[in-house]
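Asker: Okay, here's the structure, questions in a sec.
The values are calculated or read from the model by the stated rules, or taken from the named source; none is laboratory data. Treat the numbers as computed from the prediction; the structure is a model and nothing was measured. Note that each Cβ is placed from the backbone with ideal geometry, even for glycine, and that neighbours are counted across all protein chains shown. The accessibility values were calculated without ligands, DNA or RNA, using every heavy atom of the protein model including side chains. Shrake-Rupley method; radii C 1.70, N 1.55, O 1.52, S 1.80 Å.
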Amino acid sequence: YDSNNIFARILRGEIPSHKVFEDEHTLAFMDVMPQADGHTLVIPKAPAENILDLPPGALAATILTTQRVARAVKQAFDAPGILIAQLNGSAAGQSVFHIHFHVVPRHEGLDLRFHARDMADHKVLAEHAARVRAALD
């Protein structure tokens with residue numbers, strides 16, 4: 001585990017993020033290179049590269065937060081579907097080696113944008129984060 005990966009640095013507050021939810025075990029924030037409006041990431045605070053490394057208790061907390069955030073994203077973006085993805089290892093497409101779940105609202109007829117290609121406007125991400133936070137309440 002590389003403790004200097006971008007998500008570890010976000011957890012330590014070294015890199016800003018557009019947070020939507022945080023508790024003692026998890027953090028959820030907007031993906032800065034979203035595949036769709038509302039694309040949110042959920043990470044455990046425990047240091048683990050992938051699902052195979054994460055202790056069961058931390059995995060349970062992370063999946064519960066993922067479910068909670070998915071409900072809020074679905075409501076906030078009036079999405080008929082939600083894509084939840086979790087990649088393990090570079091061969092699977094993982095590019096940040098801290099386990100994370102992607103929560104992506106889906107609408108029929110709208111293609112996903114390319115993963116990890118274009119940075120979103122931070123004002124837009126802040127507005128999207130506010131929408132998700134409002135749906136969590």
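Asker: Does any residue of the stretch 125-135 turn out to be touching a strand residue (DSSP E or B) at 6+ places or on another chain (Cβ under 9 Å), surrounded by 12 or more Cβ atoms within 10 Å (Cβ to Cβ) and farther than 19 Å from A28 by Cβ?
Answerer: no
Asker: Let me ask something else about it. So is L64 surrounded by fewer than 19 Cβ atoms within 10 Å (Cβ to Cβ) and either touching a helix residue (DSSP H, G or I) at 6+ places or on another chain (Cβ under 9 Å) or in a loop (DSSP other than H, G, I, E, B) (or both) or not?
Answerer: Working: surrounded by fewer than 19 Cβ atoms within 10 Å (Cβ to Cβ): yes; either touching a helix residue (DSSP H, G or I) at 6+ places or on another chain (Cβ under 9 Å) or in a loop (DSSP other than H, G, I, E, B) (or both): no.
No, not satisfied.
Asker: Continuing with the same structure: Here are P47, P55: which of them is over 20 Å from M30 (Cβ atoms), open to solvent by 50 Å² or more (accessible area, probe 1.4 Å) and in contact (Cβ under 8 Å) with a residue 40 or more places away in the chain?
Answerer: On the way: P55 fails: in contact (Cβ under 8 Å) with a residue 40 or more places away in the chain.
The conditions single out P47.
Asker: Name the pairs whose Cβ atoms lie under 7 Å apart, with the first residue in the stretch 82-108 and of a type in the set (K, R), the second open to solvent by 40 Å² or more (accessible area, probe 1.4 Å) and modelled with pLDDT of 95 or more, and 6 or more positions between them or separate chains?
Answerer: That search, which allows pairs on different chains as well, returns R106/I82; R106/L83.
Asker: Being among the polar types (S, T, N, Q) and touching a His at 6+ places or on another chain (Cβ under 6 Å) is the filter here, so list the residues in the stretch 2-31 that pass it.
Answerer: Residues of the stretch 2-31 that are among the polar types (S, T, N, Q), as a first pass: 3-5, 17, 26.
If the condition is that a residue be among the polar types (S, T, N, Q) and touching a His at 6+ places or on another chain (Cβ under 6 Å), then N5 is the only one that fits.
Asker: Here is a further query. With modelled with pLDDT of 95 or more and out of contact with any helix residue (DSSP H, G or I) (no Cβ under 6 Å at 6 or more places or on another chain) as the only criterion, which of A48, A72, A76 stands out? Let's see the steps before the verdict.
Answerer: On the way: A72 fails: out of contact with any helix residue (DSSP H, G or I) (no Cβ under 6 Å at 6 or more places or on another chain); A76 fails: out of contact with any helix residue (DSSP H, G or I) (no Cβ under 6 Å at 6 or more places or on another chain).
Of A48, A72, A76, the one residue that is modelled with pLDDT of 95 or more and out of contact with any helix residue (DSSP H, G or I) (no Cβ under 6 Å at 6 or more places or on another chain) is A48.
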